[in-house]
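Here is the structure we will look at.
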Amino acid sequence: MRKYIFVVGGVISGVGKGITTSSIGKILQSHGYRVTAMKIDPYVNIDAGTMNPTEHGEVFVLNDGDETDQDMGNYERFLGIPLTRDNYMTTGRVYLSVIEKERALAYKGKCVQVVPHIPYEVIDRINRAADHAKADIVVIEVGGTVGEYENILFLETARMLKIRNPDDVLFAIVSYLPTPSTVGEMKTKPTQHAVRALNSTGIQPDFIIARSNIALDEKRKEKLALFCNILPENVISAPDVDSVYDVPGNFEKDKLGEKILKRLKLKSRGKDKSWNEWEGFVRKVHRAKDTVRIAVVGKYFDTGDFMFADSYISVIEAIKYSAYAQGKRAELVWLSAAQFEGVKPPLSELATFDGILVPGGFGTRGIEGILNVIRYAREHKIPYFGICYGMQLAVVEYARNVLGLKDATSREIDPKSSNLVIDIMESQKEVLKNGKYGGSMRLGTCPAVLKKGTIARTAYGVDNIDERHRHRFEVNPAYIERIEKAGLVFSGTSPDGALMEIAELSKKDHPFFLGTQFHPEFKANPLNPHPIFSAFIKVVGAQKKTQE
Ligand code: GLN
């Protein structure tokens with residue numbers, strides 16, 4: 001019998017629903033069950049690919065090329081399994097398929113209604129994802145918070161699913177308990193209201209995951225239990241933690257796994273070795289001491305008066321995994337690309353860092369700043385790692401300042417330039433002409449072949465790799481020979497040799513200057529740090545020693 005766990009949010013967003021979903025999945029997996037995780041995004045967008053990262057966070061790309069919510073990255077990292085487009089849905093996606101079915105007469109003359117046809121479609125999609133993953137248990141995160149208009153149909157879906165299968169459907173609400181500084185006491189009222197809002201949709205939560213800055217005391221546990229119709233032992237205290245990777249262990253201290261299994265009428269099959277591996281990783285996180293400082297130079301940080309690192313969450317995690325594996329703690333400093341533009345950019349500030357990373361990006365804002373940063377890293381031999389745009393711009397910088405092509409650029413930046421060293425991919429020309437931007441980049445896993453004797457080949461230890469992509473532009477084939485003659489090596493290419501996938505400087509020219517056209521961060525995993533990130537961190541750490 002298949003089991004369904006719905007994770008919903010209360011009071012405010014951003015308190016860790018995604019981490020809760022991932023952690024519940026991880027725990028049940030370690031109890032011997034096959035688990036998959038899904039995200040329901042209430043947006044009308046078909047996917048996250050058309051949303052600005054400062055609005056919605058990182059766009060996480062799956063093997064099959066689906067452009068999804070960053071929580072999908074958390075699920076993959078915690079569960080250690082690749083997900084597919086079946087695991088992600090938006091309001092837009094659900095409506096689109098219902099409308100397409102209606103046009104194809106699939107409803108056989110019936111009046112197609114918001115209820116029940118939209119919930120039926122959602123249930124079909126949940127089952128499809130579970131079938132695909134052969135999952136015993138599917139953990140479904142409903143985006144947004146209860147009481148919002150946007151996710152009401154998804155809650156209705158969950159309610160309908162439970163009517164027929166009361167023992168197989170479970171609800172957990174992740175809710176926030178504030179401690180206002182003027183009061184000095186943790187308040188349960190907003191969560192009581194959130195549970196009431198959930199009740200009004202016909203749903204009674206089985207568990208309250210109580211998020212707060214400190215642990216919940218007995219008094220508040222009992223209060224929540226009493227007013228929310230829940231057993232006190234099913235109110236789980238979830239205080240802020242140093243590392244999100246502590247969360248599964250903390251839940252298990254409260255025996256959340258066994259409680260969930262009992263409620264679903266399942267038995268633990270005994271903790272398997274995946275739990276030991278996980279705990280081993282968590283120990284490494286806590287043990288890591290020696291700090292390396294890395295500047296991340298990008299453009300999707302500023303939102304109003306705040307800095308927002310979520311746009312690059314997978315990059316951040318990937319750096320950390322490689323650092324932990326080497327007993328190091330990575331201190332990441334966000335630098336806005338725009339500050340390095342103008343007549344006297346403060347480039348010498350960069351000398352204080354052990355390494356510099358430029359992640360992916362789009363458009364023209366901040367680009368000259370990034371080019372200045374890359375030049376500084378290259379000339380001052382600071383380890384440099386460029387991802388996607390960060391690789392393309394390294395090629396542009398090299399063409400300008402080493403090859404002497406002063407107006408070298410990418411078509412994305414200045415289509416009128418006479419030296420487009422980065423140009424639109426052949427396959428993308430039609431797309432741009434027709435304005436069909438959504439889901440149409442070069443997306444998802446593509447193979448690449450590595451050149452012997454290069455940094456990339458040494459790091460991976462194999463000749464053939466598969467990595468995930470998300471881009472429209474490429475290194476212009478007309479310039480490859482000249483660029484290579486000037487010393488930049490294309491150490492990874494598509495198997496037919498047409499697309500340049502990795503660019504690097506040889507070790508004799510620079511300790512580490514490497515860019516990837518793909519996004520290695522999407523495949524980095526706590527238990528399997530990514531080889532390129534690890535190679536970067538290794539050099540970053542070694543450089544630091546020589547500075548001390
Ligand atoms: N803007 C570049 C392109 O479309 C790079 C994309 C990226 O960094 N993800 O090719």
Segment 416-525: chymotrypsin sites (Phe, Trp or Tyr not before Pro) in DSSP loop, at most 14 other beta carbons within 10 Å: Tyr437
For segment 185-264: rounded, prolate or oblate by the Cα gyration tensor [a/c cutoff 1.5]: oblate
Full-stretch length increase - Glu102, His286 - with 0.36 nm per residue and alpha-carbon distance subtracted: 60.8 nm
Under 19 Å from the Lys265 label point (7 Å along Cα→beta-carbon), backbone N, segment 88-131: none
Label-point separation in nm, Asn165 to Ser200, each point 7 Å along Cα→Cβ: 2.9
Kyte-Doolittle at least 0.5, axis length at least 27 Å by Cα - qualifying DSSP helices, the chain: none
Pairwise label distance in nanometres, Phe227 with Asn52, each label 7 Å out on the Cα-Cβ vector: 3.8
Length released on extending from Glu150 to Asp246, taking residue separation times 0.36 nm less the Cα-Cα span: 31.4 nm
Qualifying trypsin sites (Lys or Arg not before Pro) for segment 444-548 [loop in DSSP, other Cβ within 10 Å: at most 12]: Lys452, Lys508
Full-stretch length increase - Glu258, Lys433 - with 0.36 nm per residue and alpha-carbon distance subtracted: 57.4 nm
Rounded to 5, the percent of DSSP beta bridges in segment 281-394 classed as antiparallel: 10
Unsatisfied cross-links (Cα-Cα over 29 Å) in the set Lys17/Lys101; Lys289/Lys452; Lys17/Lys253; Lys255/Lys523; Lys162/Lys255; Lys451/Lys538: Lys17/Lys101; Lys289/Lys452; Lys255/Lys523
The chain, dipole about Cα centre (Lys/Arg Cβ +1, Asp/Glu Cβ -1), debye to the nearest 20: 1060
Estimated 222 nm signal from helices in the chain, with DSSP H stretches of n ≥ 4 weighted -39500 (n - 2.57), rounded to 500: -11000 deg cm²/dmol
Loop sites in segment 107-212: chymotrypsin sites (Phe, Trp or Tyr not before Pro), DSSP, at most 15 other Cβ within 10 Å: Tyr107, Tyr149
Cα-based reach from Lys273 at 16 Å (exclusive), listing lysines while leaving out same-chain residues under 8 positions away: Lys26
Order by protection proxy (mean Cβ within 10 Å, highest first), peptides 288-297, 321-330, 270-279, 188-197: 321-330, 188-197, 288-297, 270-279
Listed residues Pro190, Gly404, Phe207: farthest to the positive end of the dipole of the chain (Cβ charges): Phe207
Ordering of 218-229, 19-30, 39-50, 57-68 by burial proxy (mean other Cβ atoms within 10 Å per residue, highest first): 19-30, 57-68, 39-50, 218-229
Charge dipole (debye, nearest 20) of segment 416-543; +1 at Cβ of Lys and Arg, -1 at Cβ of Asp and Glu: 200
Percent of beta bridges antiparallel (DSSP, the chain, rounded to nearest 5): 35
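Every number in this text was worked out from the coordinates using simple rules, so none of it is lab data. Keep in mind the model is a prediction, meaning the values are calculated, not measured. Every residue, glycine as well, gets a Cβ built from its backbone with ideal geometry; the counts of neighbours run over all protein chains shown.
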